Amino acid sequence: MRDKLEKKMYTYHMKEMMFVTTCKKNYLKVALCIVCVATVLVVMILPHVLSTSKHVFHKRHARYPTDLKYILFWTLPRKHRSRFSLNKPHEFLPGQSTFIDQKCPYINCYISYTKDTLSNDEDFDAVVFSVDDIKKMDVNFINMSRSPDQLYIFRSLETPEKHPLCDHSLDHFFNWTWTYKLTSDIPQPFIDIHGSNNSIIGPRRNMNWVKKMKRTDKYSGKLGYKRKAVAWILTKCKLKTKHQDFIKEMKDELKSYNYSLDIYGPCGLKKCPGGRALKCYKMVEKNYFFQIVLEEYFLEDYVTEAMVSAMSHLAIPIVLGASDYSNFLPPGSYINAQAFDIKKLGALIDYLIKNPDMYEFFFDWKNYYYYTVRPRSQICDLCTKLNEYNGTITKYDHFRRWWDPDYKDVCQRMKLFKLFNTDA
């Protein structure tokens with residue numbers, strides 16, 4: 001009897017111990033789950049906390065219009081930079097010398113590539129971020145304090161097609177933009193339009209062209225030697241599908257008038273004299289009525305140096321692009337292929353070739369304007385903008401949309417590519 005009782009008690013204690021052990025395990029599991037959830041929350045919130053902590057609203061010293069405007073050109077930390085970029089020289093010389101050398105209207109701007117130039121990060125008037133750097137870095141982890149009076153400037157002379165930007169943190173980050181787009185706060189197009197007094201008048205939005213141009217006949221002698229229809233000076237072999245389709249249609253349409261479209265360059269059937277593009281343009285000016293100008297990227301405001309070469313020679317440019325060319329080219333100086341179907345375009349070419357008097361009207365603009373290539377190193381507009389700044393802070397709430405209206409589709413394709421690309 002006693003043995004049975006002891007056995008029952010032993011069994012009871014075993015059950016009790018198992019129960020206690022099970023409870024401890026459950027508590028440990030719950031505690032572990034809580035720790036995991038807390039860790040995930042910290043990881044998710046930390047970037048935003050760090051971002052907020054960097055926007056320390058320090059009170060800067062009083063600023064006066066004549067003070068130096070300190071500009072920091074931000075660069076990636078060394079560990080994120082390639083060996084090539086480490087040895088690459090800076091685009092602009094530090095200090096004021098660049099503004100002085102370029103004879104800028106304002107020279108009270110100071111360039112720096114290290115934030116150690118000033119005691120406090122927030123004392124820089126502006127911080128410039130290059131698209132090459134910003135696309136490789138999460139802006140939440142930029143190790144800088146930001147003053148509410150400080151201007152963050154996005155800079156790019158390349159296109160959104162070449163440099164897509166998808167990080168949502170870029171929205172609300174920049175105050176100004178400095179790109180080839182005419183809608184930028186500091187527009188830096190690839191070309192300059194000069195007026196009759198040699199001053200730069202464009203390109204800009206809503207260009208105010210001379211409405212009634214005087215007729216000129218000073219080019220009649222040169223125009224009389226032309227015998228061929230259309231030429232295209234091609235510098236790159238790879239073409240957009242839209243361009244390929246247009247060239248094929250144009251060739252077929254010109255054949256119906258017994259004309260040809262001659263392609264010059266490394267990928268064309270014809271070669272430039274001496275292998276040089278400049279001699280090609282001279283040859284086209286002498287022999288051809290029209291020249292085709294197609295930009296590499298089909299984007300708004302993307303009008304490059306190729307247009308300067310075309311406008312500097314006597315052959316009417318036929319343009320195809322997404323730009324509003326009325327901001328870049330005088331009325332009556334070009335033919336926009338977008339405005340015609342291929343049949344009407346062919347008929348217009350034939351009509352102008354057979355009517356020299358009408359053809360010559362396309363060069364009247366040369367009495368008022370001329371074109372030059374804008375140096376990529378031109379920086380005067382940055383200092384001018386900082387000096388004319390009225391202190392009103394604005395931000396690009398939808399920066400990614402401004403940079404690329406189709407960014408959602410582009411970013412989705414990039415995301416899917418990374419997901420399914422096994423080689424990545």
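Shape call for segment 198-373 from the C-alpha gyration tensor, a ≥ b ≥ c root eigenvalues: rounded (a/c under 1.5), prolate (a/b greater than b/c) or oblate? Rounded, because the longest to shortest axis ratio a/c is under 1.5. For segment 131-285, state the average projected area of the convex hull of the C-alpha atoms over all orientations, rounded to one decimal in nm². Averaged projected hull area, Cα only: 15.6 nm². For the residue pairs Lys236/Lys282; Lys212/Lys279; Lys211/Lys354, the C-alpha atoms sit more than 30 angstrom apart in Lys212/Lys279. Roughly speaking, what is the centre-to-centre gap between segment 240-268 and segment 367-403 when only Cα atoms are used, to the nearest Å? Between the Cα centres of segment 240-268 and segment 367-403 lies a distance of 37 Å.
Read-outs throughout are calculated quantities, based only on the coordinates presented, and are distinct from any laboratory measurement. Bear in mind the structure is a predicted one, so any value in this text is a computation, not a measurement.
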